[in-house]
1. Looking only at residues in segment 111-127 that are assigned to a strand (DSSP E or B) and of a type in the set (D, E), which one is surrounded by the most Cβ atoms within 10 Å (Cβ to Cβ)?
2. Considering only segment 1-23, state which residues are more than 17 Å from D58 (Cα to Cα), without any contact (Cβ under 8 Å) to a residue 40 or more places away in the chain and in a strand (DSSP E or B).
3. Restricting to segment 57-110, name every residue that is part of a loop (DSSP other than H, G, I, E, B) and open to solvent by 70 Å² or more (accessible area, probe 1.4 Å).
4. Name the residue that is modelled with the lowest pLDDT, counting only residues in segment 164-200 that are within 29 Å of D124 (Cβ to Cβ) and not in a loop (DSSP other than H, G, I, E, B).
5. Does segment 9-56 hold any residues that are modelled with pLDDT of 90 or more, farther than 15 Å from Y77 by Cβ, more than 31 Å from the chain's Cα centre (by Cα) and open to solvent by 60 Å² or more (accessible area, probe 1.4 Å), and which are they?
6. Could you tell me whether segment 93-104 includes any residue that is among the small types (G, A, S), in contact with a Phe, Trp or Tyr (Cβ under 7 Å, 6 or more places away or on another chain) and at pLDDT 90 or above?
7. Restricting the search to segment 128-163, which residues are without any contact (Cβ under 8 Å) to a residue 40 or more places away in the chain and more than 24 Å from N86 (Cα to Cα)?
8. Of the residues Y144, Y151, which is surrounded by 13 or more Cβ atoms within 10 Å (Cβ to Cβ) and farther than 24 Å from P113 by Cα?
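The values are calculated or read from the model by the stated rules, or taken from the named source; none is laboratory data. Just so it is clear, the model here is predicted, and its values are computed rather than measured. Don't worry about glycine lacking a Cβ; one is built from the backbone with ideal geometry, like all the others, and counts go over all protein chains shown. Surface accessibility is based on the protein's heavy atoms, side chains included, excluding ligands, DNA and RNA. Shrake-Rupley method; radii C 1.70, N 1.55, O 1.52, S 1.80 Å.
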Amino acid sequence: VEISFHATEGFSRYTWDLGDGLRAETFSNQLTHTYIYNYGDSYSVLDGDTIYDMSKEDSTFHIKVYGETFDGCMGYYEDSITIFPNPDADFFVSPTIQSHPDSLVYLINLTSPGPWDYQWDFGDQSSSDVKEPEEHIYATWGSYDISLRAYSEYCSDTISKAIQIAPPPPVATLLANEAGCPPFTVEFQNQSIYADSYFW
């Protein structure tokens, strides 16, 4: 995250302690600095198994700025900023293409570990706020965009993936009264399914 600092004007030189091990000197009362959040994994070994802790926690940086005049007078100010962890939203969906009446998709939440809240949108006017919905059934065929938003009080990330449920092939059937005397009028009832146009 890029932070812009503005110190009190009137000093001839400014020395900045940025709280992340870096220092800077400027003749201006303004400074821009980019903080890199260290997402490094930590791990421990328990009963021969390696256990990774990939959780992300808030990082607080203590900032100090020293101002010095041409006469050698000095003043300083200190404050702190907090960098909040950002989720990396991701999920697995299968199958991505299928034909109706098959309409069940399986979902696995692959979002980076953390104290996130979740909001799923399945693209069919239904949603969920559970971490692992595991599966979803679609009422009819069509193309759907599934989106997952992982968020905290401060940060969020969203990802979408497309699936398609193809209509089944048409099944042509009809019903008719099968016997009568001439002149004989036959009444046909179209009972075909999964079709949207017909040729007699």
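1. Taking the candidates together, the pick is D121.
2. Result: S4, H6, R23.
3. Of everything in segment 57-110, those that are part of a loop (DSSP other than H, G, I, E, B) and open to solvent by 70 Å² or more (accessible area, probe 1.4 Å) turn out to be E57, D58, F70, D71, C73, D88, P101, D102, L110.
4. Per the stated criteria, the residue is I193.
5. If the condition is that a residue be modelled with pLDDT of 90 or more, farther than 15 Å from Y77 by Cβ, more than 31 Å from the chain's Cα centre (by Cα) and open to solvent by 60 Å² or more (accessible area, probe 1.4 Å), then G21, L22, R23, E25, F27 are the ones that fit.
6. yes
7. Selection gives E135, H136, I137, Y138, A139, G142, S143, Y144.
8. Of Y144, Y151, the one residue that is surrounded by 13 or more Cβ atoms within 10 Å (Cβ to Cβ) and farther than 24 Å from P113 by Cα is Y144.
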